[in-house]
Amino acid sequence: MIETFQNYIAGEWVVGSNITIDENPSDLDSPVGKFGVVDAQRTLDAVGAAQKAQPTWAATTPQRRADVLDAIGSEILARKAELGRLLAMEEGKSLSESIGEAARAGQIFKFFAGEALRIPGEWLASTRPGVGIEITREPVGVVGIIAPWNFPLAIPAWKIAPALAYGNTVVFKPAETVPGCAWALAQIISRAGLPQGAFNLVIGSGRTVGQAILDAPGLDALSFTGSVATGNQLLRSAAQRGLKIQLEMGGKNPLIVLADADLDNAVQCAVNGAYFSTGQRCTASSRLIVESAVHDEFVERLQQKLASLKVGPALAEDTDIGPVASQQQFEQDLAYIQIGKDEGATLLWGGEQLDPGPRGYYLQPALFAAEPGHRIATEEIFGPVACVMPADGYDHALALANDTEFGLCAGICTTSLKHATHFKRHAQVGMAMVNLPTAGVDPHVAFGGRKGSSYGAREQGRYAAEFYTTVKTAYTAA
Ligand code: NAD
């Protein structure tokens, strides 16, 4: 008997309608579970419950909020192997990557448990005699959280934890392909001692449930991670109703490899950044920009490394790269591989569908030699597909790296302090990496991008307070 993953509204578990199979991309004949979706009215009920619970939750002591978040973090960490297994089955990430993600989700709750006790404020003397000024942070109210499928535990954690820490209540909509992880997280949250209605899980499509969250009159802010197209659509609607919004969207992240780099490390950074997690990371290094002097040697070593990687079922111990997460994403990856061939890019390695045993969405990592203007070198593919391009020195490499509508993350491999320092200052991104993969960030510091990748306040770390609180300036005459 497989589990039916349920919704959680106003403190009650709700099965939902249209019971659908939750697919296992590693083995289409062994589904992960079933789930039912809610309709627009149920979504409005969830927002109403969050609205009702918000004053009670905001009035709790910081210690109580810290204790609740700490309990959630502790349970996630204690069950990271089990949660990681569910994540691997549902999303297709390798088991070790999935357990790592579960642990990260636990650490994020622990971090924000501490932040609940450290909500910052200021006292300043006024320019007028005998007047004091307090600057405090208050909760925003009811926060809608709309998440993508590629980090089904960590991304919800880095939105839900700060929302609750600062006294907000939450309506969370996961992507429809990962209801199991959302349900498992909701179960843990439901046991942690929140007031009824302070946290709600609504499963359903973006068009119905996502739209209903956005349109709900009781919503005070919306935090979204997903594609540029959806994000921009949400931004327009939010602007019309004056809603506070935060968007984390796509990337086409460059990794520069200079001639003076440690090539072993550069190849490792490229493989990790471009292909681990099946390339399904907004921070994936999908553009490898390599100084001409070492280009051919780098490509040769990278191909050797790719040949040694095992693509297989997410739960298999020897799997380096799991399947693509869904049929839709699989078709998108294959379409882009064809686009690359059609526009004249040279497929240097991989790009074939694989059949390692069970029926699933298995794809060999693909490496193209591409021109900067090719679509595969400019558009986000969100799969295990990377392009390599030569550059005539550092200045050319930096110009190529910045020549994109995106600005999430950029990396450089070099032993030159001068170039590393210049790169950190001049890469037009929110996150810069030196001798590290572009993917892989710490949970306690700011996360986000610029240009077309992000909109609004940064996520994570202490910077999360910008979005999840509103500032009040109070004047008192003595
Ligand atoms: P998506 O935009 O298709 O969906 C994201 C979420 O939005 C889902 O929950 C979906 O149901 C919902 N949604 C879709 N249409 C909606 C609508 N009209 N109204 C309200 N909600 C709607 O993205 P995806 O395919 O789930 O995720 C992949 C994308 O996410 C990639 O572009 C990737 O780069 C991006 N991403 C960005 C970050 C980041 O932090 N920058 C992190 C992870 C993923």
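Each value in this text was obtained by applying a stated rule to the coordinates, not by laboratory testing. Treat the numbers as computed from the prediction; the structure is a model and nothing was measured. We place every Cβ from the backbone using ideal geometry, glycine too, and count neighbours over all the protein chains shown.
If the reach is capped at under 22 angstrom between alpha carbons, list the lysines near LYS424, excluding any in the same chain fewer than eight residues apart.
Candidates past the 8-residue exclusion: LYS252, LYS451.
Looking at the P(r) of region 60-185, how many percent of alpha-carbon pairs lie beyond 25 Å? Intermediate results must be reported in sequence, preceding the final value.
Details: 2617 of 7875 pairs.
Everything past 25 Å amounts to 33 percent.
What's the FRET efficiency of THR346 with ALA78 using the Cβ-Cβ distance as r and R₀ = 51 Å, to the nearest 0.05?
Numbers: r = 49 Å, r/R0 = 0.97.
According to the calculation, E is roughly 0.55.
Mind checking which lysines have their C-alpha under 18 Å from LYS110, skipping anything on the same chain fewer than 8 residues away?
In chain and number order, the partners are LYS80, LYS159.
Between GLU405 and THR208, what length comes free when the chain is fully extended (0.36 nm per residue of separation minus the Cα-Cα distance, one decimal in nm)?
Full extension from GLU405 to THR208 adds 68.0 nm.
Place a label point 7 angstrom from the Cα of ASN232 along the Cα-to-Cβ direction, then list the residues of region 395-409 whose backbone nitrogen is under 20 Å away.
It comes to 402-409, nothing else.
What is the Cα convex hull volume of the chain when expressed per residue in Å³?
Numbers: hull volume 71.9 nm³, N = 478.
Taking only Cα atoms, the chain has a hull volume of 150 Å³ per residue.
Could you work out, for region 183-332, what percent of all Cα-Cα pairs fall into each 10 Å distance bin, beginning at 0 Å and stopping at the bin that holds the largest distance?
Answer for region 183-332: a P(r) of 9, 25, 26, 22, 14, 4, 0 percent.
Given points 7 Å out from each Cα along the Cα-Cβ axis, report the THR421 to GLU12 separation in nanometres with one decimal.
6.4
Let me know the Rg and Dmax you get for region 254-434 when you use only its Cα atoms, in Å.
Final numbers for Rg and Dmax: 15.7, 50 Å.
Label points 7 Å out from Cα along the Cβ direction at VAL445 and VAL471: separation in nm?
Label-label distance for VAL445 and VAL471, simple model: 2.4 nm.
Need one number: nm distance between label points at ARG128 and GLU300, each 7 Å from Cα along Cα→Cβ, rounded to one decimal.
About 7.7 nm separates the two model spin labels.
Could you state the angle between the C-alpha long axis of helix 327-342 and the longest principal axis of the C-alpha atoms of the chain, as a value from 0 to 90 degrees rounded to the nearest 10?
For helix 327-342, the angle is close to 40 degrees.
Need the list of lysines near LYS310 for cross-linking: C-alpha distance under 21 angstrom, and skip anything on the same chain fewer than eight residues off.
Straight-distance partners of LYS310: LYS93.
Against the longest alpha carbon principal axis of the chain, how many degrees, from 0 to 90 and to the nearest 10, is the axis of helix 80-91 turned?
60
Starting from a Cα-only point model with no solvent, please compute log10 I(q)/I(0) by Debye for region 1-105 at q = 0.16 1/Å.
Each listed q corresponds, in turn, to -0.97.
Percentage of Cα-Cα pair distances in region 166-216 greater than 17 Å, rounded to whole percent?
Details: 487 of 1275 pairs.
Beyond 17 Å sits 38 percent of the P(r) for region 166-216.
Work out, step by step, the length gained on full extension between GLN327 and ARG462: first 0.36 nm times the residue separation, then minus their alpha carbon distance; give nm to one decimal. Let's see the in-between values first.
On the way: separation 135, 0.36 × 135 = 48.60 nm, distance 3.74 nm.
Here the segment from GLN327 to ARG462 would lengthen by 44.9 nm.
Taking only Cα atoms, what is the 0 to 90° angle, nearest 10, from helix 417-426's long axis to the longest principal axis of the chain?
With rounding to tens, the tilt is 50 degrees.
So if each residue of separation counts as 0.36 nm, and I subtract the Cα-Cα distance between ASP260 and ALA335, what length gain in nm does that give? Intermediate values should be presented prior to the final figure.
Values: separation 75, 0.36 × 75 = 27.00 nm, distance 3.60 nm.
So the extension gain works out to 23.4 nm.
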